[in-house]
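The structure appears below as structure tokens.
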Amino acid sequence: MRTTLGRWATLGFWVSLVSLVHPALGKLPERELPDCEEGKKWDNIEDMGKFWWDSGAEQFASDYIDANGHTNWTQNMYMELFPDANHVDMACVTRDSACDFNQICDEFNKLKKGGLYYLFVSFKNFHNFVNGLGTRLDQSIDTILEGNTFKTDLGFGNDDDGGKEKNEYTIGALGIYAGALTAVAAPVALVGGAIAAPIAALAVGLTGVATVISGALTTANAGKSIKSLSKDEIDGLISPIQQQSWKAIDDLVGGVYGMQGISQDVVPQGMRAGVVKHPAVQLFGEGHWLKDQPTLKLAEGYFEEVSRKMKQGIMWSLAGLFHNATVIIRDDREKNAKSCNGTFNVYEEKTGRCLDLMDLRSNNNLVGFPDNHPLTSMWKNESNTGYAMDKLWTLRNAVECWEANNGAKGNVKPHPVLFTEPVPPPCFFAANVYKGYYKGQYINMDTDWAPQTKFKKGSSWPHCRKKEGNFYTDKACLSG
């Protein structure tokens, strides 16, 4: 990974330095474990939870950490079992470290520790998977950067200049990558007693990336519109995603295998199983990483969908940032689909509401997007010309998020959602949402709607807003 080479060159040196010195070993629990069997087909084991528990590996590993601590616990255990082996083989604590114990089952049986063979197979499998996962995520982001047409799709040609002022209410948490990874968290949930992949860790670990990107937009590009941003600068808004994704993976690897200074608490709850207390051991609980093909999921068409979800999240966020795209619940429309079937609006039958995506102009006027606006690419399904976003579920997601957070953008949280369904995770398409009777360039606000009870009765939004410095705020619209 090119953006983290410097950091990991340093860590590689640290690992190499440690490898020159015999690690500070502790003491193995003094008990025998059942013999292991070589050549088992893991996927054919009917009750993997029982098989894992009967091996005694989970309890043994937890007791080992209790006695000797978490730092370098996997490597230290390996060296106590096999003092003549090359301990560099089981460094494991970084992505670049070797993590292969190079011992057959019979070697564990000779030590009366056969059950630990299954634990070390799990160590190797998980490490291999996480390395492959990082590579595939990198490829997904590279695909987006190589085909970056966001500027054109937002309606700004390469020769345009000038632009609109930004609005502080649209430079909030963008939720780009965290949302995209949340969309792939479903296979990670404990379904049928098995964890399919550790992507939930990234969905949790990357929820802060929105703030990072938002900060970059408001500082490095303060006062600039997307019209004046080059493609490289737009790429620069997206590139922190890669850095954050690798950091999440690095932290997870370090927390699992015992990197000094990284707590095992980084292992998300959704990836823990079993009854022992140490998260680094719980990750392997119930034999979840005894798999015949641990990296199989990476070879499927999984990450093409990751790229698609990321593109949707990025496009939606940029539309909010550079067009002040705002969702309006139109009280002036009749409660039927016929009155709400335009390019940028859609009728929500279950609530009888017309949801409309509108343009909040820099002159403080609220207007609809024309039917031929390039943002229509959001709804198109054609390959390479659209983002295939379901209009109803996109706007509904924004409204439900706003309502759930009492009139504020919420954060994306891990949530099981299938790629084949249009339903996005909660707050995946977070946006500013207002409700009222549209009068042309403003709405008469419905102050009985829960998220708007804080506004003065009779407020005309956005005309009631006031400009403070470079930004408009809603402070003047609030009651009290």
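The values are calculated or read from the model by the stated rules, or taken from the named source; none is laboratory data. What you see is a predicted model; the values in this text were computed from it and never measured. We place every Cβ from the backbone using ideal geometry, glycine too, and count neighbours over all the protein chains shown.
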- Item | From the options 350, 309, 338, residue that is without any contact (Cβ under 8 Å) to a residue 40 or more places away in the chain, farther than 14 Å from residue 432 by Cα and assigned to a helix (DSSP H, G or I) | 338
- Task: Identify, from the list 389, 358, 378, the residue that is at pLDDT 90 or above, of a type in the set (A, V, I, L, M, F, W, C), closer than 17 Å to residue 340 by Cβ and in the same structural domain as residue 463 (by TED's automatic domain parsing).
- Result: 358
- Task: For residue 448, state whether it is out of contact with any Lys or Arg (no Cβ under 8 Å at 6 or more places or on another chain), farther than 18 Å from residue 358 by Cα, surrounded by fewer than 14 Cβ atoms within 10 Å (Cβ to Cβ) and modelled with pLDDT of 90 or more.
- Result: yes
- Message: I'd like to know if the stretch 110-124 contains one or more residues that are farther than 22 Å from residue 248 by Cβ, of a type in the set (D, E, K, R) and in contact with a helix residue (DSSP H, G or I) (Cβ under 8 Å, 6 or more places away or on another chain).
- Response: yes
